[in-house]
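Please read the structure below before turning to the comments.
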Amino acid sequence: MLKRLAATASVLAMLSGAAVAEPVKVGMITTLSGGGAGLGIDVRDGFLLAVKQAGNSDLEVIVEDDQRKPDVAVKLADKLVQSENVDVLTGIIWSNLAMAVVPSVTAQGKFYLSPNAGPSALAGKGCHPNYFNVAWQNDNLHEAAGAYAKDQGYKNSFILAPNYPAGKDALTGYKRFYGGELAGELYTKLGQTDYAAELAQIRASGADSVFFFLPGGMGISFLKQYADSGIDLPVVGPAFSFDQGILQAVGDAAMGVKNTSQWSKDIDNPANNAFVESFQAEYGRLPSLYASQGFDTANLLLSAMAKADVKDADAFRAALKEADFASTRGDFKFGDNHHPIQDIYVREVIKEGDVYTNKIIATGLSDHADAYAGECSM
């Protein structure tokens, strides 16, 4: 069922003399049920919080649940484009769903703003003028993890990730900056919850460290089983398995683990401080990486609406490319392939009172761009 949500006042033009945007209709397809629902809920909540704060009566958001199923996502996209005539689509969490939806909707002249999925195929040869990724290219956080592992002197990592586009990008990214030997490399089933076989291989591998990318419930299952296995190797991973929505379920098994992220609640700038406070006030929980990405995606869209009419595709695209908004991450800009150039941090899992969370301990990569921009013909 469609859920239409609208805010209550108009956005002022952000530059003197800028045109006031025509009404914009946004179709949000995200995961709100089944495996990974927490990720989609956080993206949705972050996005809608920014819309509410802007108070924009010229923005309508239609929210749909893709159930983490590519065929469902495709049907929803077709309906939103052809029946609802949305101007902009957003929301997809999973890269296999993004690959099923994004090329089709951008080919039909619609804008797609990704608050999460960043498959390499859409950053390089498959780039498109109407596609903007507001989160990262899939490899990026894993590249920072590889750089950290190298800096720590790890020389024989065991690495694993799910067998889907983001999983393949993850291991590619880690290896690109790690440079050491591999004790093992595994692709697991997407949605897998039993890792007994993989843990047995890690134990027997002679590894000196473990890197894994297992977002959502997969990471919860793996970390709990890893802690119970008695394996005593340092773990490095991206934020997706150590983010706010996951840590409470994992508990002490995550303490001290180093993970990489382009966002953290302790990034000290006015936009982020206000976001963390307002998200907690609105929803009664700390924001996650995904919530911050939804929030930034909405504010990017609002910044473009303040400068250009969405019906003027060239002007609206130029306004999006300017990224003239206060990001929760601080410095933020797009590369020529419409993917972020940004800092990526190393965080450590800690406990604040009864709450598990992260703190930044280092900058892993500065002003980092993705490896595929040179393949983009824009």
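See the values below:
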| quantity | calculated |
| --- | --- |
| Residues within the stretch 94-119 that are open to solvent by 10 Å² or more (accessible area, probe 1.4 Å) and not polar (S, T, N, Q), tallied | 6 |
| Output for the stretch 247-268, where each listed residue is in contact (Cβ under 8 Å) with a residue 40 or more places away in the chain, in contact with a helix residue (DSSP H, G or I) (Cβ under 7 Å, 6 or more places away or on another chain) and not in a loop (DSSP other than H, G, I, E, B) | LEU247, VAL250, ALA254, LYS258, ASN259, THR260, SER261 |
| Exclusive hit being open to solvent by less than 30 Å² (accessible area, probe 1.4 Å) and at negative phi, set MET378, MET305 | MET305 |
| Counted residues, the stretch 35-67 - those being modelled with pLDDT of 95 or more, open to solvent by 10 Å² or more (accessible area, probe 1.4 Å) and part of a loop (DSSP other than H, G, I, E, B) | 1 |
| The stretch 306-351 - residue that is basic (Lys, Arg) and more than 19 Å from the chain's Cα centre (by Cα) and, of those, nearest to GLY124 (Cα to Cα) | ARG317 |
| The stretch 68-92: number of residues that are on the phi < 0 side of the Ramachandran plot and open to solvent by 10 Å² or more (accessible area, probe 1.4 Å) | 14 |
| Meets criteria (more than 16 Å from the chain's Cα centre (by Cα), crowded, with 22+ Cβ neighbours inside 10 Å and not charged (D, E, K, R)) for ASN299 | no |
| Given (1) assigned to a helix (DSSP H, G or I); (2) open to solvent by less than 10 Å² (accessible area, probe 1.4 Å); (3) touching a strand residue (DSSP E or B) at 6+ places or on another chain (Cβ under 8 Å), number of the condition GLY27 does not satisfy | (1) |
| All positions within the stretch 338-355 that are touching a residue at least 40 places away in the same chain (Cβ under 8 Å), in a strand (DSSP E or B) and in contact with a Lys or Arg (Cβ under 9 Å, 6 or more places away or on another chain) | PRO340, GLN342, ASP343, VAL346, ARG347, GLU348, VAL349, ILE350 |
| Residues satisfying the stated conditions in the stretch 331-355, i.e. β-branched (Val, Ile, Thr) and open to solvent by 10 Å² or more (accessible area, probe 1.4 Å) | ILE341, ILE350, VAL355 |
| Candidates ASP314, ASP370, ASP296 - the one that is assigned to a loop (DSSP other than H, G, I, E, B) and modelled with pLDDT of 95 or more | ASP370 |
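The values are calculated or read from the model by the stated rules, or taken from the named source; none is laboratory data. Predicted, not measured: the structure shown is a model, and the values here were computed from it. Cβ atoms come from the backbone with ideal geometry, glycine included; neighbour counts cover every protein chain shown. We work out accessible area using only protein heavy atoms, side chains counted, and drop any ligands, DNA or RNA first. Shrake-Rupley method; radii C 1.70, N 1.55, O 1.52, S 1.80 Å.
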